[in-house]
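Quick notes on the structure that follows.
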Amino acid sequence: MNDSKEICLYFDDNVNYNPMTIAQELCNRYKELGNPILLPVSKDGRAPVIIFQENTEFFLRCNMETLNFVVNHNYFDKLEGIIFDIVDTFEEENVKFVRIGYVNNLFFNKEKIDVVRDIYLKEDKTSDMEEFQLFLYKELSTKYGNINAWERVITEGNRKHELLIQYDFNSRQDEKQEFDMKYIKEFIKVSNEYIESRTNI
């Protein structure tokens, strides 16, 4: 199964933390991450300073602007808990997050390509069209503000036998939220409900 989920957490401005302390705490909480790679902080703060890449099912990168982690299906049920642990790890160092992004990559078999082609493109199943990329956008409402929801429907030449449907959610940059556990749970819940409503094809 190639499905994956990625979380991106955005730090507040002018963040400062000790990469070694953070990496050690993440190791304590998630031993399966393996050994971290620690790098010097770049001038622009965008290059990774902490990298966990030994576990292909759960890997993490962190710079001075964002923290990203990607998990496969073995961790889908633990996603909220992982987010809470990461937020807690940084809060212990007085570091706050202000926004969240959530990307779901869902792969479907070749039969679904014809279904999607019929729904969106009204193309005949015998059409010789080899690839398509569709981009759809919607704004979702939650108890705590709105979410940007991007939906991408993609077939690519090197993976013609698969259909990728990618859902990319992020909190709005112009809406400042109290970035607490209630907000995160609502964000994930609304996002997942939208995915379920859209993947019933």
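Whether any residue in the stretch 97-113 is without any contact (Cβ under 8 Å) to a residue 12 or more places away in the chain, acidic (D, E) and either open to solvent by less than 40 Å² (accessible area, probe 1.4 Å) or in contact with a Lys or Arg (Cβ under 9 Å, 6 or more places away or on another chain) (or both) is what I want to check. Don't jump to the end; show me each part of the working.
Of all residues in the stretch 97-113, those without any contact (Cβ under 8 Å) to a residue 12 or more places away in the chain come to 111.
Then drop every residue that is not acidic (D, E), which leaves 111.
Filter again for either open to solvent by less than 40 Å² (accessible area, probe 1.4 Å) or in contact with a Lys or Arg (Cβ under 9 Å, 6 or more places away or on another chain) (or both), leaving none.
No, there is no match, as no residue in the stretch 97-113 is without any contact (Cβ under 8 Å) to a residue 12 or more places away in the chain, acidic (D, E) and either open to solvent by less than 40 Å² (accessible area, probe 1.4 Å) or in contact with a Lys or Arg (Cβ under 9 Å, 6 or more places away or on another chain) (or both).
Exactly one of these conditions fails for F90: (1) closer than 23 Å to F169 by Cα; (2) in contact with a Ser or Thr (Cβ under 7 Å, 6 or more places away or on another chain). Give me its number.
(2)
Looking at Y10, Y17, which is the one that is open to solvent by 60 Å² or more (accessible area, probe 1.4 Å), under 18 Å from R99 (Cβ atoms) and touching a residue at least 40 places away in the same chain (Cβ under 8 Å)?
Within the list Y10, Y17, the selection yields Y10.
Find the residue count for the stretch 20-30, including only residues that are open to solvent by less than 20 Å² (accessible area, probe 1.4 Å) and over 30 Å from R172 (Cβ atoms). So that I can check it myself, show each step before the final result.
Quick first cut of the stretch 20-30, residues open to solvent by less than 20 Å² (accessible area, probe 1.4 Å) only: 22-23, 26.
So of that shortlist, the ones also over 30 Å from R172 (Cβ atoms) come out as 23.
Here the count works out to 1.
Please verify whether the stretch 47-59 includes one or more residues that are under 19 Å from I188 (Cβ atoms) and either modelled with pLDDT of 95 or more or of a type in the set (S, T, Y) (or both).
yes
For the stretch 31-68, enumerate the residues that are open to solvent by 30 Å² or more (accessible area, probe 1.4 Å), within 17 Å of I83 (Cβ to Cβ) and touching a residue at least 40 places away in the same chain (Cβ under 8 Å).
Across the stretch 31-68, the qualifying residue is only N68.
The values are calculated or read from the model by the stated rules, or taken from the named source; none is laboratory data. Fair warning: this is a prediction, and the values are worked out from it, not measured in the lab. In this analysis, Cβ positions are derived from the backbone assuming ideal geometry, glycine residues included, and neighbour counts consider all displayed protein chains. All accessible areas refer to the heavy atoms of the entire protein, side chains included, with ligands and DNA or RNA removed. Shrake-Rupley method; radii C 1.70, N 1.55, O 1.52, S 1.80 Å.
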